[in-house]
Each structure stands twice: as C-alpha cells, then as structure tokens.
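Here's the structure, in structure tokens; my notes come after.
The values are calculated or read from the model by the stated rules, or taken from the named source; none is laboratory data. Treat the numbers as computed from the prediction; the structure is a model and nothing was measured. Neighbour counts are summed over all protein chains in view; Cβ atoms, including those assigned to glycine, are modelled from backbone coordinates with ideal geometry. Protein only, heavy atoms only, side chains kept; ligands, DNA and RNA dropped before computing areas. Shrake-Rupley method; radii C 1.70, N 1.55, O 1.52, S 1.80 Å.
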Amino acid sequence: MRSLLAVFALLAATPVAAQPARPSETAASPDGQIVLTVSTDNDERPTWSLSRKGKLLIAPSSLGFLLTDGPALQRGFRIDSAERGKGDATWELPWGERRFVRDRHNELLVRFQQHESRGGHVMNVRFRLFDDGIGFRYELPEQPAMKTARIADEVTEFDIASPGTAWWITGGEWNRYEQIYQKTPIDGVATAHTPITMRLDDGTHLAFHEAALVDYSAMWLKRAEGRKFRATLSPSSGGPRVVRDLPFATPWRTIRIADDAAGLVASDLELNLNEPNKLGDVRWVKPMKYIGIWWGMIRGPWSWGEGPNHGATTARAKQYIDFAAKHGFGGVLVEGWNTGWNGGLFDFTQPAADFDLKGVADYARQKGVTLIGHHETNGHVANYEAQLDDAMKLYGRLGVTSVKTGYVADAGGIIAPGDRPGETRREWHDGQWQVRHHQRVVDTAAKYHISVNAHEPVKDTGLRRTWPNWITREGARGMEYNSWSAFANGGPDHEPTLVYTRMLSGPMDYTPGVLSLAGSNEVPMASTLAKQLGLYLAIYSPVQMAADRIENLAKYPRELAFIGQVPTDWAESRLIAGEVGDYAIFARKDRASADWYVGGVNDGTARTLALRFDFLEPGKSYTATIYRDGDGATYLTDARHRIAYETIRVKKGDQYKLWLAPGGGAAMRLHPGK
Ligand code: NOJ
Ligand code: CA
C-alpha cells in the first residue's frame, strides 16, 4: 500500500511534458539575439521555428517537398545528425551600393532521415544565422531511393507569430512584377511575390525573399491560414515545377529581420548567401549614366518600328551621342534599331534600313560614349536563343558594353522551344526554364564582356555577386507607366514603397529623370521636379538613365548638371531617414571621390525632416549644393515644377531641416572644401 502511494505521488509530480521530448537542434545568430529551433512535429514532419530577443517570431513551421512521382518528403522524418559551423569574412563588391560586405554567420546543417515505409529519403537543411536575418536551403544528397527530384511543390512554411502590416504584390499575375503595391494586414495577403515586407505591431521589420535562384523555379508565398504562409513554386509546362538530378541544393529561403526600416535596407543577407564572383576581373563591367532613344517612343510620337516616325535613325542616334558626350553620360540606349518591330520575328543582327549600326557604334566610341544594345524578345525566347550567340558577338565586336533585354508577354507567356524542331511551349517569366534562360544570356554576354539589364525579368536574388555582369533589371512598375495615364504608378507612394520591397532584392533600372514631368498627352506625374533628382539616390542602379528626351533635359541645365555628376557606384550607402511606404532619404558616399550625396523621395504627405550629417568625416567642412522642393510645391498641380536651390556649408553633426512636398523629394551633393 505504501509503495503504491509512493508511485502515485511520483506520477503526480511528473509534468506531462516529460513524455519524451522530440529531439531538436538549436542555433543562434552571432549576437545571440536570433534563436533557431529545428525539430519534428507529432506527424514526424520536419519543423523550424525562430525567436528574437526572447520573443517568438516564427512559430513551428513545416519543411519539405511534394513530388509528382513518388512519396512526399514531408512526413515520417527524424533528425539523424547535425553539424555546426561559422564564418566571418569581409568581401568586396566590384560595383554597388557599398564596397565591402561583411558576412558573419553561424551555421547549422540538419540531416533528416525518413522511415523506409514513408519513402526512405534523406533531406538535409542548411541554416545560416546572421545578426540581420536568416537563410536556409534544402540539400538533397545522392541516395538510392531517388535519382531525379520531380518537385510538385515545396511545403516550406513561415508561420508568423504576431500580427502586423504587409507590403506586397501578387504572385502569378498577368503583368508579372509590374504592379502597384498593396498594403494589408499580414492575414490579408493572398499569394505574394518576394520580397514581401512586413512590420509587426511591436515594430519588428521583416522581409521574406530568396537568394541564389539558380536552375530552380521562383518561390511565391501563399497564405495558407491566419498568418501562416507556404512556399509555392512558379509553374512549368512540363508538369513538375522543378526537375533536378541529385545531388543539388535549392535557393536559400531568406528573412531579413530588423528593428526599423533602415535595418532592412542595410542588410546584405541575400548577397552573402550567393556564391563569390565566378567571372574574375570584371573591370569591363561599367557603371554609368545613360540616355536613350526611348521616352520618345514610350510617350510618342516616335515608333520602335521603321516608318515616318522611326525613333532609331542614324541621325538621331548621333545627336544623342553628342548630347551624352557633352553632359557626362557614358552610354546611349537605342531601341528599335533592328528589324522585326513591324511584324514577324525579331532579327538580332539585322539593323533597320535607316539605322547604320556600325557607323553609330564607331561614332559613339570616338566621342567616348558607348552604344547600349537592345534585345526585345516579346517573350519569344525560342527565337532569341537561336540567335543569342551571334547577337552578343555582334555587339561585342562593336564595342557595346551592355545590353537591355526585354520579355514583354503576359505571365506564362514566354515562348520556349518545344521537344521537336519547330515546336514551342509556354513558360512563366520566373519558372525554372526561364531562370535557366536568363543564365544562358548572362553567360553568353560575359563571353563578349557585355553586361545585361533585363526587363520583364525574373526577380533578383543576389546573383550579381556571382555574375557581376548581371548589372541591373526592371522587375517592378517602372517610370514608363507614368506615360500612359496620370499617376499610373499608384501615386506618390510607389517609390517610397519600392525602396523597402523590390529594392531589397537588388538594383533596378527604374529610369528616373523625366524632368518635363509629363507623359503622353501631357498626363502629369505624381512627382515634383526635385523628386526626379531624389530618385537617383533612392532607387539604386549601377546604370542609371536620364529618361526624358534630350530636348527636355536641355531645358533644365541645373538639374541636368546634377544628373551628370551623381555617381552610380558607391563606397557606402545608408538610409538616414525613412519609413516603409512613406519616405526614404539616403546618404551615399562616392567610390571615386570624397563626396557624399544625400537625397530621396516622399509620399503624398508633406513633411519636414531633421537630417543629421553624422556620416561626414570629422574635422572637414563640406559645401552642400541642395536641390529641394520649392515653397508650395506639390505633385497635384503645376506647382510640381517648383524647385529651390541652396548652397550651404556643413560639417559632421550639423542638422538640416528638409521640407518635402507632397509627392516631393530632394537631392544634395556634399563636397569637401569649396
Ligand atoms: C518594356 C520595357 O520595360 C521598355 O523599357 C521597353 O522600351 C519596351 N518593353 C520595348 O522593349
Ligand atoms: Ca516593363
């Protein structure tokens, strides 16, 4: 009797949790703030969760895959083993927003083994924890039960533990990434492209994205329930969304984590998760500003195709080259130079009858300017690939250092080669096939020392680190929409939203510098004149356009002088004031001089900011040349043209009160000395 009581007493004292806990592995960021736990749940599904500063951030979320031809890599797993590592290295970007990038992380590799009855697969997941976020990827090693993975979809989940606001665009839309951003509660998101940015109610900022998207399909995030998101991969015409032989690793699934908007912008998480430069010495990749025979077609009356209003004539190209040489532009883009614009297929080596390609390229070279090439495919990638090498070789021979490519076609409308000669099939702009296509273009271009600026591209996932000739891309609603109807970019919120969403993925060819502030039929833009200058600091691209026609640029000599001066390659960049969707002011230091530049963009609400010049070198005095919104300026009326100029002396620690108009912006150059 006594012994029985003792047993009861013992049982009562034993907490329920003493049921054998599932084995788990944990790891922390170098500063210890972010803690990862990897385990399995009651269905033996691999899970991961995250906390930061002791607070749950990502509740236990599943990992795994569905296959089209075999048992899912989803249930019946146990942790087989784990390995730990760490790294701390600083590496150099050949061009970019900053010169040096620090990669300091802790690593945890977890090997999951599935029961034979469930499929018997081995699935490894490698996690890297940084102070500013985490990344993880799947690594499928060689194994007897699977030679080729035919992936129907991923079941990777992100269960966000607390409520907040999300800024996002819809995945799988007909208009690709060229959408106006939506701002909703996190549990009001549908299916989103990445980066998707969130601000939790406690102020924590998150941005979900991916890094090193190579030979795989892009990840969209689909809200499954509540605040739980599940990865879904861009489709493929072949059935499985991804087909890969083992062994292989997926792209990294990433989350930037910061206390504020500036912390999100400062992070180099995705670049750190990409492979180092594979091209070696890339001094042939040339950051520059450029103008182009372009806005005249976007807003009319010129045409891309040959005809009475053909934009790309030899005479006009030479006129643009002269203007470029005079005003500090390194390149002239000429669109509509080839045949195929009036029907049929594009020919990428055949110039239009009124365009002397070689003559123009030679003329440009004599003037110290480069012709920028253009390959619009209209989504007919089968036609482009058939000519790709010849097309790049021709430009290489002519001394063209960069090419703008284009894939205008609805979502799922890329025409890819079929299985038999002459056959074609349809693919998505961000599916595995098109991801491989972009890689072929970048590889081929590199052979001829040409850089690539892709429009209607796949999103940027930091591949510029590995292939520094993938210099910029579009991949968002660009300036061109402003030509087609008034405020077609969703009003002045668009650019201060881009800074914290699309721009987290990498450089964008937004094409600022429409100084006339008008599109076709004089539709007004949701911008002041000063904002056009602020865009050069807010939206980074190593090749940065002044988009307006040269006749218009010439009417604004002071603004043109600023554009001629502003660098496109920086030693350092920081957001010194800003909130997601509201405003963004950067301070950036030139790589080639001791000059700093400050500027950025505002949304529709006027505001006064107290900027502190904390970043300047101590003991030096700088001359600040300031371009700001003039009194009463607003994007809503003709007062959008009001601009004010100021020259003052500043030093480290000084404060400057900057007024930003509704839809306004500002730019300044800080030059040491007079
Ligand atoms: C769409 C691009 O965004 C635009 O810049 C280009 O001019 C047209 N396609 C034609 O290629
Ligand atoms: Ca476009």
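Has the stretch 216-225 got at least one residue that is under 20 Å from Thr250 (Cβ atoms) and of a type in the set (Lys, Arg)? Yes, there is a match, as at least one residue in the stretch 216-225 is under 20 Å from Thr250 (Cβ atoms) and of a type in the set (Lys, Arg).
Selection of first residues in the stretch 226-255 that are within 25 Å of Arg426 (Cβ to Cβ) and of second residues that are at pLDDT below 95 and assigned to a strand (DSSP E or B), restricted to Cβ pairs under 7 Å at least 6 apart or on distinct chains, gives an empty result.
Of the strands (runs of 3 or more DSSP E) lying entirely inside the stretch 183-291, those carrying at least 1 residues that are under 24 Å from Asp493 (Cβ atoms) and out of contact with any Phe, Trp or Tyr (no Cβ under 8 Å at 6 or more places or on another chain) are 196-200, 205-211, 219-225, 252-258.
The criterion of at least 2 residues that are out of contact with any Phe, Trp or Tyr (no Cβ under 9 Å at 6 or more places or on another chain) is met, among strands (runs of 3 or more DSSP E) falling completely within the stretch 109-166, by 122-130, 148-154.
Scanning the stretch 138-149 for residues that are of a type in the set (D, E, K, R) and open to solvent by 50 Å² or more (accessible area, probe 1.4 Å) gives Glu142, Lys147. Taking the listed residues Gly373, Gly412, Gly418, the one that is modelled with pLDDT under 95 and touching a Phe, Trp or Tyr at 6+ places or on another chain (Cβ under 7 Å) is Gly412, with no other qualifying. Per the listing Gly373, Gly406, Gly396, the residue uniquely more than 14 Å from ligand 1 (Cβ to nearest atom), at negative phi and either of a type in the set (Val, Ile, Thr) or within 28 Å of the chain's Cα centre (by Cα) (or both) is Gly396. Residues in the stretch 637-674 that are more than 19 Å from Ile585 (Cα to Cα) and buried (at least 16 other Cβ atoms within 10 Å of the Cβ): Ala639, Arg640, Arg642. The residues in the stretch 158-210 that are within 16 Å of ligand 2 (Cβ to nearest atom) and more than 29 Å from Ala454 (Cβ to Cβ) can be counted, and the count is 0. Inside the stretch 287-309, residues that are farther than 23 Å from Gly344 by Cβ and open to solvent by less than 10 Å² (accessible area, probe 1.4 Å) make up a count of 5. Are any of the residues in the stretch 654-671 assigned to a loop (DSSP other than H, G, I, E, B) and in contact with a strand residue (DSSP E or B) (Cβ under 6 Å, 6 or more places away or on another chain)? Yes, there is a match, as at least one residue in the stretch 654-671 is assigned to a loop (DSSP other than H, G, I, E, B) and in contact with a strand residue (DSSP E or B) (Cβ under 6 Å, 6 or more places away or on another chain). Farther than 30 Å from Gly600 by Cα and aromatic (Phe, Trp, Tyr) - does that describe any residue in the stretch 198-209? Within the stretch 198-209, none of the residues are farther than 30 Å from Gly600 by Cα and aromatic (Phe, Trp, Tyr). The numbered conditions (1) farther than 27 Å from Gly292 by Cα; (2) away from ligand 2 (no atom under 15 Å from the Cβ); (3) touching a residue at least 40 places away in the same chain (Cβ under 8 Å) are all true for Val403 except (1). Could you please let me know if Val381 is within 16 Å of ligand 1 (Cβ to nearest atom), among the aliphatic types (A, V, I, L, M), at negative phi and in contact (Cβ under 8 Å) with a residue 40 or more places away in the chain? In short, yes. What residue, of Ser520, Ser573, Ser541, Ser527, is hydroxyl-bearing (Ser, Thr, Tyr) and either farther than 22 Å from Glu474 by Cβ or more than 26 Å from the chain's Cα centre (by Cα) (or both)? None of the others qualify; the one that does is Ser520.
In the stretch 292-302, how many are in a strand (DSSP E or B) and either within 16 Å of ligand 2 (Cβ to nearest atom) or not aliphatic (A, V, I, L, M) (or both)?
Restricting attention to the stretch 292-302, the residues satisfying the condition of being in a strand (DSSP E or B) are 292-293.
Imposing the further condition that a residue be either within 16 Å of ligand 2 (Cβ to nearest atom) or not aliphatic (A, V, I, L, M) (or both) reduces the set to 292.
Counting residues in the stretch 292-302 that are in a strand (DSSP E or B) and either within 16 Å of ligand 2 (Cβ to nearest atom) or not aliphatic (A, V, I, L, M) (or both) gives 1.
The set of residues in the stretch 465-488 being at pLDDT 95 or above, in contact with a strand residue (DSSP E or B) (Cβ under 6 Å, 6 or more places away or on another chain) and more than 15 Å from ligand 2 (Cβ to nearest atom) consists of Asn469, Trp470, Ile471.
Could we say that Tyr583 is touching a residue at least 40 places away in the same chain (Cβ under 8 Å), more than 23 Å from Lys286 (Cα to Cα) and open to solvent by 20 Å² or more (accessible area, probe 1.4 Å) here? Yes; evaluated as a whole, the condition is true for this residue.
Looking across the stretch 588-613 at every residue that is in a loop (DSSP other than H, G, I, E, B) and among the hydrophobic types (A, V, I, L, M, F, W, C), the one that is surrounded by the fewest Cβ atoms within 10 Å (Cβ to Cβ) is identified as Ala592. Can we say Arg426 is more than 26 Å from Ala312 (Cβ to Cβ), at pLDDT 95 or above and either within 16 Å of ligand 1 (Cβ to nearest atom) or touching a strand residue (DSSP E or B) at 6+ places or on another chain (Cβ under 8 Å) (or both)? Yes; evaluated as a whole, the condition is true for this residue. Of Gly491, Gly462, all but one fail to be at pLDDT below 95, at positive phi and away from ligand 2 (no atom under 15 Å from the Cβ); the exception is Gly491.
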